[in-house]
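For reference, the structure is listed below as structure tokens.
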Amino acid sequence: MSAQELFIVFAIPIVLGVIFAFSFTMEPRRLINGVLFNFFAVTFLVALAIAILRSGNLLLISVTGVLFLIIILIVALLFALHLFWLLWNAILVWRREGHSLSNMLTLYIAIGLLLIEIAASFGRRFIPDPLYFSLAIFFGLGGFYVLLTLYNFLTVLILYNFRPQPHNRTFLIVLGAGLLHGDQVSPLLASRIDAAIKFYRKQIKKGRPAPRIIFSGGKGSDEAISEAMAMQRYALGKGIPEGDTLLEDQSTTTLENMQFSKRLITQEIGESPYKASFFTNNYHLFRAGIFARMAGIAANGVGGATSFYFLPNAVIREYLALVVLYKRRHAVAFGLIVLIAIAEFLRVWHLG
């Protein structure tokens, strides 16, 4: 292919890539960035396939064709084994993390999907055609919408986790989480603090002023001390000077973490400009970024590591929390799906 033909083929993905890059650079804490990136990725892959096919290179075409088939087979296998994978993860979390509602999400999803598949297989005999086809439309479109929005959330979550944070921060905000035995930092919370400590030390190593670390978290009804104090004790034990720490010990939600931390920053430096980063677990990073934006705090996040087996439940929980946060738009979408299902019911009923 000539250079002019290549430019024509890749023109659309180039434009979409520039739009995504601009949007993500200006404000990375928006779901629209996932949509823009996925449009770019799809058009780029299509353009790449066209370029490869037009190249006439049989070896290149064969190799990429085999790779494409392998990817399709892997995706198909994951879909075929989704119930087994969900149940396996549920059992693993059950054994290691306890039996709380939030830890059993993959189990409940597996049970729900199994019941839907059973109903779809045997319900045809007992449900009248108009109702059967309208239900098929509702669950089909509803399931597709959930998968689409979940995929978009995963995209933007991964993108946000890879966004680098320059080591020139004035404040590092560590978001609290529940304590063990009322006064001890849990492994999940420790990963957040460790990420902040690592960032703190790297910034000093680069010859820049030490940032102040804000430990943000109030005292729960079942806790002996505030999460902020427990986090500070943990950090002091790791060698962080007490003078480089601040306590925000009134917040009970992530939004309050951000709002009260911003208030604390204002108390420390007034209206002077500052640069901040917040620290939480990788699965919680994007939603925390949304709350930071809502609180009007100029900060993006750094994610602490989370055990791989725990991620499915945690990510699903974050997705559901975002559904609640943006419930109006999702209600509109499902309202349209219900209208389409009703229209299908009336069509089949009229034909019958």
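When only residues in the stretch 4-36 that are among the aromatic types (Phe, Trp, Tyr) and without any contact (Cβ under 8 Å) to a residue 12 or more places away in the chain count, which is nearest to residue 47 (Cα to Cα)?
Taking the stretch 4-36 as the starting set, the residues that turn out to be among the aromatic types (Phe, Trp, Tyr) are 7, 10, 20, 22, 24.
In the following step, the residues that additionally are without any contact (Cβ under 8 Å) to a residue 12 or more places away in the chain were identified as 7, 22.
On the way: 7: 10, 22: 21 Å.
Filtering the stretch 4-36 for residues that are among the aromatic types (Phe, Trp, Tyr) and without any contact (Cβ under 8 Å) to a residue 12 or more places away in the chain, the one nearest to residue 47 (Cα to Cα) comes out as 7.
Residue-by-condition table, conditions (1) open to solvent by 80 Å² or more (accessible area, probe 1.4 Å); (2) over 30 Å from residue 180 (Cα atoms); (3) modelled with pLDDT under 75:
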{"residue": "77", "(1), (2), (3)": "yes, yes, no"}
{"residue": "89", "(1), (2), (3)": "no, no, no"}
{"residue": "101", "(1), (2), (3)": "yes, no, yes"}
{"residue": "107", "(1), (2), (3)": "no, no, no"}
{"residue": "115", "(1), (2), (3)": "yes, yes, no"}
{"residue": "123", "(1), (2), (3)": "no, yes, yes"}
{"residue": "129", "(1), (2), (3)": "no, yes, no"}
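For the stretch 161-202, which positions are hydroxyl-bearing (Ser, Thr, Tyr) and touching a Lys or Arg at 6+ places or on another chain (Cβ under 7 Å)?
From the stretch 161-202, those hydroxyl-bearing (Ser, Thr, Tyr) are 170, 186, 191, 200; that's our starting set.
Once the filter is applied, which keeps residues that are hydroxyl-bearing (Ser, Thr, Tyr) and touching a Lys or Arg at 6+ places or on another chain (Cβ under 7 Å), the stretch 161-202 yields only 170.
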(message) Any residue at all in the stretch 46-63 that's of a type in the set (A, V, I, L, M), closer than 30 Å to residue 323 by Cα and either assigned to a helix (DSSP H, G or I) or at pLDDT below 90 (or both)?
(response) no
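Do we have any residue at all in the stretch 236-247 that's out of contact with any Pro (no Cβ under 9 Å at 6 or more places or on another chain), of a type in the set (Val, Ile, Thr) and either part of a loop (DSSP other than H, G, I, E, B) or more than 19 Å from residue 282 (Cα to Cα) (or both)? Even if it seems obvious, please write down each step before you answer.
Of the residues in the stretch 236-247, the ones out of contact with any Pro (no Cβ under 9 Å at 6 or more places or on another chain) are 236-243, 245-247.
Within this subset, residues satisfying the condition of being of a type in the set (Val, Ile, Thr) are 240, 245.
Filter once more, so that each one left must be either part of a loop (DSSP other than H, G, I, E, B) or more than 19 Å from residue 282 (Cα to Cα) (or both): 240, 245.
Within the stretch 236-247, one or more residues are out of contact with any Pro (no Cβ under 9 Å at 6 or more places or on another chain), of a type in the set (Val, Ile, Thr) and either part of a loop (DSSP other than H, G, I, E, B) or more than 19 Å from residue 282 (Cα to Cα) (or both).
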(message) I'm checking my understanding of the structure. Among residues of the stretch 281-298 that are open to solvent by 30 Å² or more (accessible area, probe 1.4 Å) and assigned to a helix (DSSP H, G or I), which one is farthest from residue 253 (Cα to Cα)?
(response) 282
(request) Give the number of residues within the stretch 168-184 that are more than 24 Å from the chain's Cα centre (by Cα) and free of Cβ contacts under 8 Å to residues at least 60 places away in the same chain. (result) 5
(message) Among the residues of the stretch 171-194, what is the count of those that are touching a strand residue (DSSP E or B) at 6+ places or on another chain (Cβ under 8 Å), under 19 Å from residue 239 (Cα atoms) and open to solvent by 30 Å² or more (accessible area, probe 1.4 Å)?
(response) 1
(request) Sort out which residues of the stretch 195-232 are part of a loop (DSSP other than H, G, I, E, B), open to solvent by 10 Å² or more (accessible area, probe 1.4 Å), over 20 Å from residue 284 (Cβ atoms) and touching an Asp or Glu at 6+ places or on another chain (Cβ under 9 Å), and write them in order of number. (result) 210, 219, 224, 225
(request) Under 7 Å between Cβ atoms, at least 6 apart or on separate chains: pull out the pairs that start in the stretch 279-295 with a residue that is among the hydroxyl-bearing types (Ser, Thr, Tyr) and end on any residue that is open to solvent by 10 Å² or more (accessible area, probe 1.4 Å). (result) 280/192; 280/303; 283/306; 283/311; 283/315
(request) Of the numbered conditions (1) free of Cβ contacts under 8 Å to residues at least 12 places away in the same chain; (2) touching a helix residue (DSSP H, G or I) at 6+ places or on another chain (Cβ under 7 Å); (3) within 30 Å of residue 290 (Cα to Cα), residue 42 fails exactly one; give the number of that condition. (result) (2)
(request) Please find, within the stretch 299-315, the residue that is modelled with the highest pLDDT out of those that are open to solvent by less than 30 Å² (accessible area, probe 1.4 Å) and in a helix (DSSP H, G or I). (result) 315
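Only one of 90, 136, 110, 119 is touching a His at 6+ places or on another chain (Cβ under 9 Å) and farther than 22 Å from residue 325 by Cα; which?
Values: 90 fails: touching a His at 6+ places or on another chain (Cβ under 9 Å); 136 fails: touching a His at 6+ places or on another chain (Cβ under 9 Å); 119 fails: touching a His at 6+ places or on another chain (Cβ under 9 Å).
The unique qualifying residue is 110.
The values are calculated or read from the model by the stated rules, or taken from the named source; none is laboratory data. Everything numeric in this text was worked out from a predicted model, so none of it was measured. In this analysis, Cβ positions are derived from the backbone assuming ideal geometry, glycine residues included, and neighbour counts consider all displayed protein chains. Just so you know, the surface numbers come from the protein's heavy atoms only, side chains and all, with ligands and any DNA or RNA stripped out. Shrake-Rupley method; radii C 1.70, N 1.55, O 1.52, S 1.80 Å.
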